[in-house]
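Report on one structure; see the data block that follows.
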Amino acid sequence: AVSDKLELRAGLAYDNSPVTAEHMSPRLPSGDRRIFSVGAGYQLSPTQTIDFSYTNLNEEKVQVNQPASAYVASFKNSASIYGLQFTQKF
């Protein structure tokens with residue numbers, strides 16, 4: 001808590017891919033993930049709060065090789081996620 005009204009949050013995560021190279025396909029090109037998140041909550045009144053967040057997810061570059069069909073491709077996935085929440089207590 002920065003003050004009685006403002007609260008900051010942050011987080012880091014590392015997620016190993018459950019998909020092995022032999023099971024990798026264009027439908028499931030999953031690599032290890034690095035996730036970073038930040039957020040803030042602000043109390044507007046004793047019964048109202050507003051929360052903001054941002055999360056960035058990056059996967060490592062993966063190679064998909066399917067020898068039976070001669071398919072070879074590289075994939076690099078990422079995402080940015082934004083959140084906004086308003087809470088009213090009754």
Using a 1.4 angstrom probe, figure out how much accessible area the chain has per residue, in square angstrom, rounded to the nearest whole. 73
Counting Lys and Arg as +1 and Asp and Glu as -1, what is the net charge of the other residues whose Cβ lies under 12 Å from the Cβ of residue 83? 0
Kindly write out, for the stretch 15-25 in residue order, the coupling ³J(HN,Hα) from the Karplus curve 6.51 cos²θ - 1.76 cosθ + 1.60 (θ = phi - 60°), rounded to whole Hz, with x marking Gly and Pro. 10, 6, 5, x, 8, 7, 4, 6, 9, 5, 8
Square roots of five times the Cα gyration tensor eigenvalues for the chain, Å: 42, 12, 9
Starting at the first residue of the stretch 27-44, write each ³J(HN,Hα) from the Karplus equation 6.51 cos²θ - 1.76 cosθ + 1.60 with θ = phi - 60°, in whole Hz, x for Gly and Pro. 6, 9, x, 9, x, 4, 10, 10, 10, 10, 9, 9, x, 8, x, 10, 8, 6
Using the per-residue mean of other Cβ atoms lying within 10 Å as a proxy for protection, in what order, highest first, do the peptides 6-12, 23-29 fall? 23-29, 6-12
Between residue 81 and residue 16, what is the spin-label point distance in nm, taking each point 7 Å from the Cα along the Cα→C-beta axis? 2.2
If I compute solvent accessible area with a 1.4 Å probe over the protein chains, what percent of it on the chain is carbon and sulfur? 58
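The values are calculated or read from the model by the stated rules, or taken from the named source; none is laboratory data. Because the structure is a prediction, the values reported are computed rather than measured. FYI the Cβ positions are ideal-geometry reconstructions off the backbone, even for glycines, and counts take in every protein chain you see. The area values use the complete protein model at the heavy-atom level, side chains included, leaving out ligands, DNA and RNA. Shrake-Rupley method; radii C 1.70, N 1.55, O 1.52, S 1.80 Å.
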